[in-house]
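Take a look at the structure set out below.
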Amino acid sequence: MPIEQRVHQAYDDHRNFYAAEHNFMLFKIQKVASTSLWTAMAALMGHGTIKSREQLLGLQLPALPGHQLDLYPEIFKAGFVRNPWDRLLSCYLQKKKYNRYKFYQRNQLDPNGSFGEFVEAVCRIPEWKADKHFRSQYTFVTSFEGSFLTDFIGHFEHLEEDFERLSQQAQLPKLHLPHWNKTEHDSYTQYYSPALADKVAQRYAIDLALFGYEFGKELTEEARNRWQRPIPTALQLKIAQYKSKKLLHAIEQVSQYVSPYKE
């Protein structure tokens with residue numbers, strides 16, 4: 001495989017689902033109903049009713065190269081986002097429940113650590129090195145130039161309603177949206193001290209600015225539509241900086257496994 005292709009694979013460490021027949025693409029953002037949306041996309045692509053997670057994992061749905069998405073303006077692109085405090089808690093509880101050893105190992109996290117220790121550790125990991133399960137959500141749906149790639153962004157907190165709106169706007173057939181992998185827990189606010197909540201706010205500041213979330217508050221209509229505004233120049237610069245560092249990190253990852261004498 002050419003070095004350039006290896007770098008792009010390392011850079012595009014998340015997947016999207018591309019339904020060519022419907023001219024539609026959905027970004028897959030982990031811990032944002034990703035399994036449920038994956039199931040709906042499988043049905044959209046003709047795989048019928050999915051009866052188990054194992055059956056779903058066995059499917060290889062079509063995708064487009066992430067670094068080339070801005071070259072496809074004619075495709076209707078969508079994504080769903082989630083309250084960062086709630087998403088991070090869900091990540092911790094799900095990995096804890098199923099003892100995801102590889103997740104802890106690759107992120108150098110303590111599998112026996114408390115939630116507070118988990119949050120502290122995640123907040124210390126640079127964005128461009130962050131695991132896709134807790135990386136900021138803007139990184140999935142923005143271009144290298146710092147603009148949105150999406151025609152629609154829905155919110156996890158209004159999943160069924162927003163999915164219905166998406167289906168209408170993208171002219172998709174009516175799809176069943178199951179709720180798999182649901183993590184049962186009390187309100188996320190009960191798991192955070194003020195200091196810990198503030199650390200998460202700083203860590204995910206761009207997500208908060210773009211998607212309208214506030215700690216302990218319901219989403220307003222203005223907040224739900226905030227992503228439709230032009231991204232401020234200061235945030236565009238920060239997004240571009242992330243993308244550049246992510247690309248350099250991908251090059252470093254690939255260079256560790258490529259012999260200078262072979263290619």
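Observations
- Among the residues of the stretch 116-144, the ones that are of a type in the set (Ser, Thr, Tyr) and assigned to a loop (DSSP other than H, G, I, E, B) come to 2 in all.
- Checking each residue in the stretch 1-32 for being touching a His at 6+ places or on another chain (Cβ under 7 Å) and farther than 26 Å from Tyr257 by Cα picks out Lys28, Gln30, Lys31.
- Arg124 being surrounded by fewer than 18 Cβ atoms within 10 Å (Cβ to Cβ), free of Cβ contacts under 8 Å to residues at least 60 places away in the same chain, touching a strand residue (DSSP E or B) at 6+ places or on another chain (Cβ under 8 Å) and of a type outside the set (S, T, N, Q): no
- Condition met for Lys77 (open to solvent by 30 Å² or more (accessible area, probe 1.4 Å), under 27 Å from Gly146 (Cα atoms), basic (Lys, Arg) and touching a strand residue (DSSP E or B) at 6+ places or on another chain (Cβ under 9 Å)): no
- Which listed residue is modelled with pLDDT of 95 or more, of a type outside the set (Ser, Thr, Tyr), within 14 Å of Phe80 (Cβ to Cβ) and surrounded by fewer than 18 Cβ atoms within 10 Å (Cβ to Cβ), from Asp151, Asp207, Asp198: Asp151
- When the stretch 160-187 is filtered for residues that are touching a Lys or Arg at 6+ places or on another chain (Cβ under 9 Å) and assigned to a helix (DSSP H, G or I), the ones remaining, listed by number, are Asp162, Glu164, Ser167.
- Within the stretch 1-52, the residues that satisfy the criterion of being open to solvent by 50 Å² or more (accessible area, probe 1.4 Å), of a type outside the set (A, V, I, L, M, F, W, C) and over 26 Å from Tyr138 (Cβ atoms) are Pro2, Glu21, Gly46, His47, Thr49, Lys51.
Yes/no per residue for (1) among the hydrophobic types (A, V, I, L, M, F, W, C); (2) open to solvent by 80 Å² or more (accessible area, probe 1.4 Å); (3) on the phi > 0 side of the Ramachandran plot:
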| position | (1), (2), (3) |
| --- | --- |
| Thr220 | no, no, no |
| Ala223 | yes, no, no |
| Gln228 | no, yes, no |
| Ile231 | yes, no, no |
| Gln236 | no, no, no |
| Gln241 | no, yes, no |
| Leu248 | yes, yes, no |
| Gln253 | no, no, no |
| Gln256 | no, yes, no |
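- Residue count for the stretch 214-242, restricted to those that are outside any helix (DSSP H, G or I) and closer than 15 Å to Asp162 by Cβ: 4
- Every residue from the stretch 53-62 that is surrounded by 15 or more Cβ atoms within 10 Å (Cβ to Cβ) and at pLDDT 90 or above: Leu61
- Selected residue [under 18 Å from the mean Cα position of the chain (by Cα), open to solvent by less than 10 Å² (accessible area, probe 1.4 Å), of a type in the set (D, E, K, R) and under 30 Å from Gly216 (Cα atoms)] from Arg87, Arg82: Arg87
The values are calculated or read from the model by the stated rules, or taken from the named source; none is laboratory data. Computed from a predicted model, the values in this text were never measured in an experiment. Cβ sites come from the backbone with ideal geometry, for glycine too, and all protein chains shown count toward neighbours. Note: accessible area is taken over every heavy atom of the protein model, side chains too, but ligands, DNA and RNA are not part of it. Shrake-Rupley method; radii C 1.70, N 1.55, O 1.52, S 1.80 Å.
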